[in-house]
Amino acid sequence: MLSGLPQNVDLYRLAVARETFEGRIEQSLFGRLASIAHETERWVDVALRFGTEEGIHYLCGGLKSKFTLICQRCLEPMEVAVDAPLRFGFVRNQEEENRLPEPFEPLWVDREEMNLLSIIEDELLLALPLVAMHPPDQCPAWVEPEQGSHGARGGGANPFSVLAVLRRDEH
C-alpha cells in the first residue's frame with residue numbers, strides 16, 4: 001500500500017492543505033479490478049496532487065500500470081498498459097459543475113469523506129479497454145478475411161437467400 005495514503009478522506013480538506021501522495025499500490029487491493037484481471041501481482045504507480053485554484057478545489061496527477069487481461073478473441077492472456085491522467089474539480093451540485101473550467105472533469109463529492117481507493121479504481125477501470133483483444137497481427141486466433149468473401153466486401157452466396165425460398169412457400 002502507498003505509505004501515508006488514507007483510505008477515507010475529506011477531499012476538500014486535502015485540497016486546502018495541498019497534500020501530495022506518490023508511490024505504488026498493489027493491484028490486488030482493487031476488488032473490482034481483481035475480478036477482471038488475469039493476474040494481480042503487479043503495482044499501480046500513483047501520483048496525486050490536491051490543491052485549490054481560483055476557487056476550484058482539485059485533484060490532479062496520474063495512474064500508471066500494466067494489467068494482464070484475457071483476449072476475448074483467442075482467450076489467451078495479454079498485457080494492457082494504462083496511463084491515466086487525472087484532472088478533477090470537486091463539485092457538490094449542478095451549478096458548481098457548470099462553472100467548472102474546461103481542463104477539469106467534475107468529481108461529485110456527495111459526502112464528507114470519500115474512499116480514495118475507490119476513486120482510483122474507477123479511473124483505472126475507465127482506462128481499460130471495454131473488450132480486451134490483441135491487435136490483429138498479434139492474435140493467434142485472428143483470421144484475415146478473404147477478398148471476395150461473403151457480405152459487403154464482395155460477391156459470394158448470400159447466406160440468407162434460403163429464407164427467401166421459405167418465405168415464398170408460405171404464401
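The values are calculated or read from the model by the stated rules, or taken from the named source; none is laboratory data. Remember, predicted model here, so these are calculated numbers, not experimental data. Cβ atoms come from the backbone with ideal geometry, glycine included; neighbour counts cover every protein chain shown.
Please enumerate the residues belonging to segment 48-79 that are of a type in the set (Val, Ile, Thr) and surrounded by fewer than 16 Cβ atoms within 10 Å (Cβ to Cβ).
First pass over segment 48-79, keeping only residues of a type in the set (Val, Ile, Thr): 52, 56, 68, 70.
Thr52, Ile70 - these are the residues of segment 48-79 that are of a type in the set (Val, Ile, Thr) and surrounded by fewer than 16 Cβ atoms within 10 Å (Cβ to Cβ).
Please verify whether segment 31-38 includes one or more residues that are hydrophobic (A, V, I, L, M, F, W, C), in a helix (DSSP H, G or I) and buried (at least 16 other Cβ atoms within 10 Å of the Cβ). Before the answer, list the steps.
Going residue by residue through segment 31-38, those that are hydrophobic (A, V, I, L, M, F, W, C) are 33-34, 36-37.
Okay, now just the ones that are also in a helix (DSSP H, G or I), so 33-34, 36.
Checking which are buried (at least 16 other Cβ atoms within 10 Å of the Cβ) leaves us with 33.
Within segment 31-38, one or more residues are hydrophobic (A, V, I, L, M, F, W, C), in a helix (DSSP H, G or I) and buried (at least 16 other Cβ atoms within 10 Å of the Cβ).
Does Val16 satisfy the condition of being closer than 23 Å to Glu113 by Cα, touching a strand residue (DSSP E or B) at 6+ places or on another chain (Cβ under 7 Å) and surrounded by fewer than 18 Cβ atoms within 10 Å (Cβ to Cβ)?
For Val16, the condition - closer than 23 Å to Glu113 by Cα, touching a strand residue (DSSP E or B) at 6+ places or on another chain (Cβ under 7 Å) and surrounded by fewer than 18 Cβ atoms within 10 Å (Cβ to Cβ) - is met.
Return the only residue of Leu126, Leu48, Leu117 being in contact with a strand residue (DSSP E or B) (Cβ under 7 Å, 6 or more places away or on another chain) and either aromatic (Phe, Trp, Tyr) or under 25 Å from Tyr12 (Cα atoms) (or both).
Numbers: Leu126 fails: in contact with a strand residue (DSSP E or B) (Cβ under 7 Å, 6 or more places away or on another chain); Leu117 fails: in contact with a strand residue (DSSP E or B) (Cβ under 7 Å, 6 or more places away or on another chain).
The match here is Leu48.
Can you tell me which of Arg111, Arg73, Arg49 is farther than 17 Å from Phe30 by Cβ, of a type outside the set (Ser, Thr, Tyr) and touching a residue at least 60 places away in the same chain (Cβ under 8 Å)? Step through it out loud before you land on a result.
Values: Arg111 fails: touching a residue at least 60 places away in the same chain (Cβ under 8 Å); Arg49 fails: touching a residue at least 60 places away in the same chain (Cβ under 8 Å).
Every option except Arg73 fails the conditions.
Counting only residues that are in contact with a Gly (Cβ under 7 Å, 6 or more places away or on another chain) and modelled with pLDDT under 95, how many does segment 16-38 have?
So the first thing to find is which residues in segment 16-38 are in contact with a Gly (Cβ under 7 Å, 6 or more places away or on another chain), and the list is 18, 21.
Add one more test, that the residue is modelled with pLDDT under 95, and what stays is 21.
Result for segment 16-38: 1.
Looking at segment 31-43, is at least one residue polar (S, T, N, Q) and in contact with a strand residue (DSSP E or B) (Cβ under 7 Å, 6 or more places away or on another chain)?
Residues of segment 31-43 polar (S, T, N, Q): 35, 40.
When the remaining residues are screened for being in contact with a strand residue (DSSP E or B) (Cβ under 7 Å, 6 or more places away or on another chain), the result is none.
No, that holds for no residue.
Among the numbered criteria (1) more than 28 Å from Ile25 (Cβ to Cβ); (2) surrounded by fewer than 11 Cβ atoms within 10 Å (Cβ to Cβ); (3) free of Cβ contacts under 8 Å to residues at least 60 places away in the same chain, which one does Glu97 miss?
The one condition Glu97 does not meet is (2).
Take the residues in segment 42-61 that are within 18 Å of Leu5 (Cα to Cα) and among the small types (Gly, Ala, Ser), then tell me which one is farthest from the chain's Cα centre (by Cα).
Taking the candidates together, the pick is Gly51.
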